[in-house]
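Accompanying notes for the structure given below.
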Amino acid sequence: MKLKLFTCGPFQTNAYLLYKEKEAVLIDAPPDCGDISVFLKEHDLGLKAILLTHGHYDHIAGLPLFPGVPVWSSEAEREMLSDPEKNLSSVFGEKSASFSGSALSEVFDFAGEVIRVISVPGHTAGGVAFYLDGMLFSGDSLFHRSVGRTDFPGGHAKNLVKNIKERLFPLPPGTEVWPGHGPKTCIEDEKRENPFLR
C-alpha cells in the first residue's frame, strides 16, 4: 500500500490518498484539491471510494471534484453532511455545501486490505479515524501535541479526550498518526507529550 499526502485549501487540510496497483481510496476531500485529480490521472489510478473522518467544510468541500465516486461517513455524521450550518460551509465556504454518503461499518475492505474504522466522537458527534498497517488517519481528533477543537456543533471536549485515550492510545506505540492538519506524529509520543491528554 502506498500513501500520498495532499495539503489543500485555506485551512491547510490534509487529505490522504492510499493506493495499491491501480486502485485508490481518498481520506477526506478538502477544498482546492485539484492536485489529487491530476495525480490520479498521471498514475492511471481509479478512485474507488472517499472516506470521511468527519463532515466539516474543510474536509468535504472537494467532493464535487470526484463525481460518481462513492462517499462513506459515520452514520452519526449524516446530518452534518447535509446541513450547511452544521458542516460550517455557510460560515467558511464560498457557497453552502450539502452532501450525502453511505454509512461506514467497523471495517472497510480495499484492494485486499482491511481499513479499520474507529469511532472517535468529540470534535464532531460522528468523527472517526482510520487504521491500516501501523498508520492512523486521525482526522481532527488527535494532532501533534494537540487535539481537535470542540466549540463547533456536535463538539464535546470531555468525550474527545476520553475517546482518544480509550480508543486510539491502545494502538501499538509506534503507530504513525496522520492528522487532518499539521505534521504527522505517533501514538507513543502523544501519550507522553500531548498536554491535552495527560
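Where a number appears in this text, it was derived from the coordinates with a stated rule and is not lab data. Since we're looking at a predicted model, the values are computed, not measured. No Cβ is skipped: glycine too gets one built from the backbone with ideal geometry, and neighbour counts run over all protein chains shown.
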Residue within the stretch 157-176 that is part of a strand (DSSP E or B) and of a type outside the set (S, T, Y) present: yes
Any hit, the stretch 79-102, residues being on the phi > 0 side of the Ramachandran plot, surrounded by 14 or more Cβ atoms within 10 Å (Cβ to Cβ) and not β-branched (V, I, T): yes
Residues that are assigned to a loop (DSSP other than H, G, I, E, B) and touching a strand residue (DSSP E or B) at 6+ places or on another chain (Cβ under 9 Å), drawn from the stretch 125-146: G126, G127, D133, G134, D140, S141, H144, R145
Looking only at the stretch 169-186, and only at residues there that are without any contact (Cβ under 8 Å) to a residue 60 or more places away in the chain and either among the basic types (K, R) or under 19 Å from P121 (Cβ atoms) (or both), the one that is surrounded by the most Cβ atoms within 10 Å (Cβ to Cβ): V177
Some residue of the stretch 152-168 being basic (K, R) and either surrounded by 22 or more Cβ atoms within 10 Å (Cβ to Cβ) or in contact with an Asp or Glu (Cβ under 9 Å, 6 or more places away or on another chain) (or both): no
Output for the stretch 95-109, where each listed residue is among the charged types (D, E, K, R), touching a strand residue (DSSP E or B) at 6+ places or on another chain (Cβ under 9 Å) and not in a strand (DSSP E or B): E106
Meets criteria (under 20 Å from G148 (Cα atoms), touching a Phe, Trp or Tyr at 6+ places or on another chain (Cβ under 6 Å) and acidic (D, E)) for D28: no
Residues satisfying the stated conditions in the stretch 18-44, i.e. without any contact (Cβ under 8 Å) to a residue 40 or more places away in the chain and surrounded by fewer than 20 Cβ atoms within 10 Å (Cβ to Cβ): K22, D32, G34, D35, S37, V38, F39, L40, K41, E42, H43, D44
All positions within the stretch 74-110 that are basic (K, R) and over 23 Å from T150 (Cα atoms): K95
Any hit, the stretch 121-135, residues being of a type in the set (S, T, N, Q) and either in contact with a helix residue (DSSP H, G or I) (Cβ under 7 Å, 6 or more places away or on another chain) or surrounded by 20 or more Cβ atoms within 10 Å (Cβ to Cβ) (or both): yes
Scope the stretch 85-94; condition under 13 Å from D58 (Cβ atoms) and part of a loop (DSSP other than H, G, I, E, B); matching residues: N87, L88, G93, E94
